[in-house]
Each structure stands twice: as C-alpha cells, then as structure tokens.
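Every read-out reported here was derived from the displayed coordinates using simple, explicitly stated rules and does not represent laboratory data. Note that the structure is predicted; figures quoted are calculated from it, not measured. Counting neighbours? That spans all protein chains shown, and the Cβs are built from the backbone with ideal geometry, glycine included.
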Amino acid sequence: MYKKRNTGSVGGGQSMADKAVEKFTEMMIDRMERMKAGDWKKGWIDGEAVYGMPQNINGRNYSGSNSFFLQMDSAMHGYKTPVYMTFLQIQKENARINKGAEAMPVIYWDVSIKDANGKRVDRDDYRNMSREEQDRCTVLPFMKAYHVFNMDQTNLAEVNKEKYDKMVEQFKAPEMRDAKGMYENKALDRLFEKQEWVCPIQYDKVSANAYYSPSRDIIVVPKKEQFNIGKDKDEIYKDGMEYYSSALHEMAHSTGTENRLNRVKGDRFGDPKYAKEELVAELTAANTGYALGFDKRILDNNAAYLDGWISVLKENPKFIVSVMADVNKASNMVLEAVDKQRIALGEKPILQKGDSKQDVLDDIAFDNGAIIKMKSGEYAVRASYQGTELGMKPIDRETGARYFTLPDGKEKQSLLAQTLSSRYMQDIRNLGQRQSQSVRMAMG
C-alpha cells in the first residue's frame, strides 16, 4: 500500500491540480519561513544538489514548476537521484511502491473545447474543422495533475540493480575545484570568456556587487576571488558556487527584456512587480544551478522580500504558477546557452532527452518536417518518415501562429516535433503494420 499526499482525487470542490498547486505553495512558504527565521543555510532547494534535471525513468526531463519542486522533494528526502516514475511505469519495471511512500504531484496544461451548442469537441476533430467552425468554438485551457514516485520510493534497486545503479551514477555531481579550491564550472567560465550570453557580462574587474543594467543591457559580476571568504576547505568550495549563482541571478534578469521574454517589471525596490521579478531571478538561479550540480543560498539583499513573498503566496496560492512559468522560460534560455558551451567542451548537455521512445511522441525521427503557412492563411505540416512521404495535413491556427512567433531554439523544435507526432502518429502505425505484413509474406 502507498499513501498519497494531500493532492489526490477530486473532492471537496478542489481538483487534483488545485491540490498540487497548494502543495507547491506550501513547500515554498516553508522554505521561505525557514530562511526568514535565520536558520536556513542549505539554499533554496534544500541541501546538496545532484547533477542534472529531474526526469522520468525513460529520460524525459520535467520542466517548470515540476522540475523545481521535484528537485526540492528529492533533496529534502535525501533521494540519490531526481528520477520519478508513474504507477504504470513502476509496474512496467516489475517493481512496487514502498509501504507508506508519499506521491508528488506533477502538473500540466490541457484544453477544453466546446462548440456553439456547448457540446464537447475532441481535439483532433477541432484541428480538422474549417476556420469558421473553429471560430464558433470556445477553447479554454485548464490545469491537470498526476502523481509520481521517486525511484528510491520503490524496490527498483532490488528488481533491476543494474538499471538503478546506472541512474545513480548518471546523477553524481563531480567535484570540480579551481587552483584556489573554489568550485569551478568550465561551461559557465567559457560562456563568460567567449561573451556568448544574450548581453555582455563583465566578470574580470573588481566590483562592489553583482547587477544587471537594463539601460546598458550589461551584467556586472565581481571577480571570482572576491567571493573567496570561507574559513575552511568546504566553505571555500561553496564560495565558488556563490560566484556562479550571482551570475545566474543576473543572467535571469537579463532574459526579461522586451525583446527577449518581455516580463513586466516594477520600477523601484518594494514594488510588487519588482519583488516578483526578484523571485523569478532567485528561483531561476536556483533551478539552473541545481541542474549544474550546486545549490543556491538566498541573496542577502533579497531577504527583505521574504515577508512580501510569503504574504502573496498565502493569499493567492496560484501565484506560484505564474512565477514558475517565468522561471521555466528563463531557465531554458540559460541552460540552452550553457549547453552550447558544454557541447563545445565535449560534455553532455543538461537538456538532453532520454533514449526511450516508448512513451515520447516527439522523439520520432521525421525527415524534412516543417510547419508552413499557406496562401489562405491556414497552417499545415508536411514530413516524410523512413523514406515515405506522409503528405500535407492541416493544423490549428493557434499552433501555427505560436510556432512562427517562437525564436529558434529547443522550445520551437519541441513544438514542431509534438505537432508532427500528433498529426502523423496513425500514419506511422499504419506504415509499420504494412511493413510487418510485407515481411511476413516474404518469409512465408
């Protein structure tokens, strides 16, 4: 038997997604209240970070709120990896959930579509409608949730020790020290040296503090040795982490300009919008730092925001959804830039997808896949698969328009992959069936 946390089935007027958001908010408030009490020295995530982003057993990374809070959950409970599994995935591994294990929620967005008469419309039927028919429909996004368990909450280590050990080894954070004993991150160092961030980063001059200047569009970070204030070997090592964390915080701020992610910011210290932007930058730095193998302590000058952050979260639990949506976008920008450096250094990228294609639609290897805008103003996809042309198929205007507004990068590529998989999945299945029949006939 296993026990679900207070995020279970719908009841008492609350959906599972609402309960999931409440859980996330409770975790964040608890972290902030410990910081405010002055006894929190382990950082936002809670303790020693592992190396890499939370993922499912098949290697698919979690993102946004899910990534951050699964990181926090795995650190709080001392799990060896941030690898999580659904109940069905646990069954497929011939494993079982440990007695008393508590599930963590994972949230995602879906849409409800109804026609002019209020009748529910299937998503595929909606995609095949004419533009006029679609305009008469009401499309409403809503949040859903499901439960996952860390692999250490199962007996996977007993039933498949080889797979378990491989996962643990994958997430071990190597100890990297520079000549002075401070933590070293070669990918970030190369990013600074090559000046390959979205704006210049001044890192090699003495400065009283770290900051991002919107008017000059430049980041200033004190020299690394200015952070070297620790009294012992461990403190000095973590001083290096603070150097990179400060840089990541300012890099997060620089993603929010109008020509980038266009976040609305306040004009002065104490402004609610300014406070939200500070929280986005703090959590982005924590999120990306954790993925790179280190935790982030709260900046001293942000401690003043704790009361305001706690108050807003208590009054409006869904505030965390808005914050984490911004954190996810900013984190992806930062990690994509870091991954370019890691690849150049011959290292494995952080955002790499898993090898399994069992449950991941957008891992299908399409050839010449593209989303196109036709003369009529409608959108369509075209692609081929293993040498077979799949033809052109219409897609909904929302997906097409969103695709062309996205900058080149992983988010745009992912949207294309998901759209191709959705439209051509049945064609691929039919193709596979025909190929299997041909093989059977040839063998017969």
Flagged links, alpha-carbon separation over 18 Å, of Lys80/Lys329; Lys144/Lys329; Lys194/Lys223; Lys180/Lys224; Lys172/Lys348; Lys186/Lys224
Lys80/Lys329; Lys144/Lys329
Amide H neighbours of Asn155 under 5 Å, counting only residues 5+ apart in sequence or on other chains, H built in-plane at 1.01 Å?
Arg96, Asn98
For the range 223-256 and the range 131-163, write down the distance between their C-alpha centroids in whole Å.
35 Å
Quickly rank 108-120, 148-160, 310-322 as a protection proxy: mean count of other C-beta atoms within 10 Å, highest first.
148-160, 310-322, 108-120
Sort 126-133, 248-255 by packing, meaning the average of other beta carbons within 10 Å per residue, with the highest value first.
248-255, 126-133
Dimensions in Å of the range 3-170 - Rg and Dmax from alpha carbons
19.5, 60
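Using 0.36 nm times the number of residues separating Glu158 and Ser414, minus their current alpha carbon distance, what extension gain do you get? If you can, show how the numbers build up before the last one.
Details: separation 256, 0.36 × 256 = 92.16 nm, distance 3.54 nm.
Additional length available on full extension: 88.6 nm.
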Non-local residues with an amide H under 5 Å from the amide H of Gln202, with H modelled 1.01 Å from N and Pro and chain starts lacking one, are Ile219, Val220, Val221
Fully extended contour minus Cα-Cα distance, from Ser130 to Thr405, at 0.36 nm per residue:
96.8 nm
Over all directions, the range 122-258 yields a Cα convex hull whose mean projected area in nm² is 16.4 nm²
Entries in Lys205/Lys233; Lys114/Lys276; Lys36/Lys296 that, when Cα-Cα distance is taken, lie over 23 Å
Lys205/Lys233; Lys114/Lys276
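In terms of the ratio Rg/(2.2 N^0.38 Å) built on C-alpha atoms, what value belongs to the range 186-344? List each step's numbers first, then the result.
Values: Rg = 15.5 Å, N = 159, 2.2 N^0.38 = 15.1 Å.
Its radius of gyration relative to the 2.2 N^0.38 Å reference: 1.02.
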Show which lysines lie in cross-link reach of Lys375 when reach means a straight Cα distance below 17 angstrom and same-chain residues fewer than eight apart are skipped.
Lys393
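Calculate the FRET efficiency for Leu345 and Glu175 from the Cβ-Cβ distance with a Förster distance of 22 Å, rounded to the nearest 0.05.
Working: r = 17 Å, r/R0 = 0.78.
Once the sixth-power term is evaluated, E becomes 0.80.
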Percentage relative contact order, the range 3-170, counting C-alpha pairs under 8 Å, at least six apart
25 percent
